[in-house]
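Step one of this worksheet: look at the structure below.
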Amino acid sequence: MSLWLRSEDFREGDHLAGVHVLSEDFGFGCKGRNLSPQLSWGDVPDGTKSFAITCFDPDAPTDCGFWHWLVVNIPQDAKAVPQGAGDAAGAGLPMGALQIRTDFGRPGYGGPCPPPGGEPHRYVFSVYALGVPELPVTSETSAAIVSFHLNAMALAKASLVGTFNR
């Protein structure tokens with residue numbers, strides 16, 4: 001058995017629903033509700049002391065992709081987050097979880113909103129099982145540094161990909 005990631009809101013390769021799309025208040029021209037999807041995971045490896053969740057768009061029109069969501073320091077007994085847990089306050093996240101500044105410039109979930117036209121973008125949601133209880137980061141640490149720590153401390157990683165275009 002190996003770590004797995006699932007969602008009640010979408011399956012691997014599904015087009016993400018409007019409820020998960022970026023809202024107008026971000027200023028990118030999308031009109032979704034900006035609710036992070038429900039996520040659950042299991043088959044956690046021995047030695048796991050915390051989890052992290054990320055959402056990354058490798059198809060963004062940048063030289064380095066685009067980080068849509070980063071959450072670290074999720075306690076080891078957590079096995080899911082509800083839809084909407086990635087709001088700015090992180091009210092639906094387990095106690096102790098920390099949201100990191102995304103490429104939108106603030107912590108919390110920022111939904112899909114690729115430029116109009118073109119092929120669908122992939123939104124890679126990942127859960128990391130980590131061998132440490134906390135990462136040495138703050139809410140303002142860059143996504144690149146967080147990613148470095150995640151890859152260095154991961155015991156396992158599972159991903160689930162949704163798509164979106166407009």
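Bear in mind that the values in this text are calculations on the coordinates, not laboratory data. None of these values were measured; they are calculated from a predicted model. Heads up, the Cβs are rebuilt from the backbone with ideal geometry, glycines too, and the neighbour counts pull from every protein chain shown.
Before moving on, here are some points about what is shown:
- Listed by chain and number, the lysines whose alpha-carbon sits under 16 Å from that of residue 49, ignoring those within fewer than 8 places in the same chain, are 79, 157.
- Kirkwood-type radius of the chain, with distances r between different C-alpha atoms, in Å: 15.7 Å
- FRET E, pair residue 26, residue 148, Förster distance 30 Å, beta-carbon r, rounded to 0.05: 0.70
- Helical content alone sets the calculated 222 nm signal of the chain at -2000 deg cm²/dmol, taking -39,500 (n - 2.57) per DSSP H segment of four or more residues and averaging over every residue.
- Within segment 37-121, the trypsin sites (Lys or Arg not before Pro) that combine a DSSP coil assignment with at most 15 other C-beta atoms in a 10 angstrom radius are 49, 79.
- Each of the peptides 19-28, 35-44 was scored by the mean count of other Cβ atoms within 10 Å over its residues; in descending order, highest first, they stand as 35-44, 19-28.
- Orphan Cys of the chain, criterion: no other Cys C-beta under 4.7 Å: 55, 64
- Helix 143-153 and the longest principal axis of the C-alpha atoms of the chain enclose an angle of approximately 30°.
- Near the amide H of residue 92, within less than 5 Å, lie the amide hydrogens of 87, all on another chain or at least 5 residues away, with H placed in the peptide plane.
- Considering only segment 4-164, percent of DSSP beta bridges that pair antiparallel, nearest 5: 95 percent
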